[in-house]
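To keep things clear, I will list the structure first and then write my remarks on it.
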Amino acid sequence: MGLAGLDTRWWSLSLGVLASSLAGCGRTIIVAADTDGEATGTSSIDDGTPTGAECTSDEQCPAEQVCSDGRCVEGYTDYAEYSDYAEYSDYAENYEYSDYSDYADAYCYDYGPMGECCDYDECRTQCRTAADCEVSSVCDPTGYCVPVPELQACAVGPVWVPLPVPDLGLPIVSLSTVDADGDGGVDIVVGTPGGAQLYNVSGPQQPLPWPPPANVLFDAAAADFDGDGVTDIALATDAGVFIAQGNGAGGFSPGVAQVSNVETQYVAALGFDNAGSDLLARSNADALVFLAGDFGLDPATTLWSDPQDPVVSLTPGNFDGSPPDDIAVTVATTDLLFLGEAEVLDPAPNLTGLLPEPLGDRTLFAADFDQDGFDALVGATGFEGWSLLDSSGSRGIAQVAVAAPGGAEAMGDTDGDGVPDLLIVGEAQLTVVLGTPFSPPWSCAQSVDIGLDPQAVAAGDLDGNGTTDLVVSDGRGITVFLAEN
């Protein structure tokens with residue numbers, strides 16, 4: 001409410017005291033006095049602007065002026081209505097006529113530098129998002145920056161052994177990890193301009209069937225999408241989603257089956273309706289699911305489509321403790337939860353349980369930290385010089401700050417304790433946040449210099465020892481970092 005919310009004890013001050021007191025909290029405000037020396041409800045902002053033309057209403061005055069005592073003047077003139085017209089817009093040092101309540105509460109009357117707001121004896125930083133706040137602070141629902149507990153450094157952690165992969169001689173545009181032949185081992189799908197290669201750390205590479213319309217591979221996922229008992233690979237490309245069909249002999253049939261013609265950046269296999277292997281996808285601003293049919297994947301079912309509120313991230317998981325899989329989605333304004341086998345795909349906002357801030361750059365993961373059959377939902381958001389982790393699950397809601405520059409994230413068990421860990425790769429640094437079955441589900445963070453500026457990242461157990469390894473590309477070559485404990 002602005003000045004209208006001041007304690008009424010102010011009104012017992014003399015005119016001189018009141019004017020000098022308010023001058024210490026921003027612009028000088030001169031309050032007119034009536035004949036008996038009492039302050040009236042009319043004032044003007046004294047910023048050096050000369051009075052203007054005569055007037056009888058605001059409409060007769062130029063823009064950004066109002067009519068006061070028969071003259072056009074700068075600013076608004078009534079305490080009771082001042083908060084409706086003054087805004088410390090974008091933290092600039094001038095007033096604009098809109099709603100100040102986005103930035104301050106009823107007692108915020110000091111328009112200080114860079115969003116500082118003071119009420120009597122306390123100054124706080126105003127914000128709209130966590131990007132407005134200092135390191136390891138987020139924007140709370142009331143519009144103020146609040147600190148987040150910082151995660152301590154690990155005393156010990158996995159040892160990371162680099163293993164260079166033979167040079168392809170082509171630029172690397174994407175990396176994905178899949179079990180391409182259903183043998184339980186993890187393979188690497190490498191996207192190159194106009195094609196894709198399948199790698200195994202212990203075996204030779206082979207090219208994947210490639211759709212002629214496509215130029216770029218963004219992501220890949222493996223499952224038996226056509227119900228023939230053989231693993232296939234879904235390719236998310238700039239020309240849509242295509243299925244490379246396994247031939248049962250460790251290779252693939254010639255050609256690919258197209259299931260979508262819209263650019264798709266993310267795919268993941270899941271069982272959403274208990275009928276078979278389904279495919280979750282993010283296509284530009286939309287969240288889609290391709291359900292398994294009698295002869296492969298059926299046309300897409302749209303979970304969310306709003307160009308003004310685009311999908312940022314999504315992940316499958318078992319969030320209600322019962323099959324089939326569920327789907328969590330982050331859009332620009334909220335988080336959404338779609339329960340598997342639901343008859344109506346119309347979720348209410350914030351059903352994921354994650355805190356509402358921050359949104360916009362949050363990457364979602366699902367992880368059962370305490371092995372209770374319920375996946376917790378994990379959000380990872382990178383900022384300049386640090387990352388924010390938030391989680392929601394059976395152990396409650398938690399947020400922690402990690403001294404790791406934002407970048408690419410992946411999840412897996414890097415230390416072999418059966419609890420998922422989070423890997424953050426950015427600015428030539430690998431940060432491993434070790435998981436715990438308690439709340440918050442993070443115990444400490446380990447940082448390692450990897451000497452690569454990551455352009456693509458993937459994770460999986462590449463050497464079969466039961467721990468999650470990391471694959472990193474700087475756009476030219478590929479290095480596998482094996483986790484040893």
### Task
May I ask you to rank R71, R128, R476, R362 by accessible area, largest first, using a 1.4 Å probe over the protein chains only?
R476, R128, R71, R362
## Note on the structure
Here region 129-143 yields Karplus 3J(HN,Hα) values (6.51, -1.76, 1.60; θ = phi - 60°; whole Hz; Gly and Pro given as x) of 9, 5, 5, 7, 9, 6, 4, 6, 10, 10, 8, 7, x, 8, x
### Task
Enter the accessible area per residue of region 224-346 (Å², integer; probe 1.4 Å; all protein chains in place).
41
### Task
Sort V331, V312 from largest to smallest accessible area, using a 1.4 Å probe on the heavy atoms of the protein chains.
V312, V331
### Task
On the protein heavy atoms, probe 1.4 angstrom, tell me the percent of accessible surface of region 255-294 carried by carbon and sulfur.
42
### Query
Can you put S443, S473 in order of accessible area, largest first, using a 1.4 Å probe?
S443, S473
### Query
Simple spin-label model, 7 Å along Cα-to-Cβ: S57 to D167 in nm?
7.8
#### Entry: Rounded to whole Hz, the Karplus (6.51, -1.76, 1.60) HN-Hα couplings of region 469-485, x for glycine and proline
9, 10, 10, 10, 10, 9, x, 10, x, 10, 10, 9, 10, 7, 8, 10, 10
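The values are calculated or read from the model by the stated rules, or taken from the named source; none is laboratory data. These numbers come from a predicted model, not from an experiment. Reconstructed Cβ throughout: ideal geometry from the backbone, glycine too, with neighbour counts over all protein chains shown. Note: areas computed on protein heavy atoms with side chains; ligands, DNA, RNA excluded. Shrake-Rupley method; radii C 1.70, N 1.55, O 1.52, S 1.80 Å.
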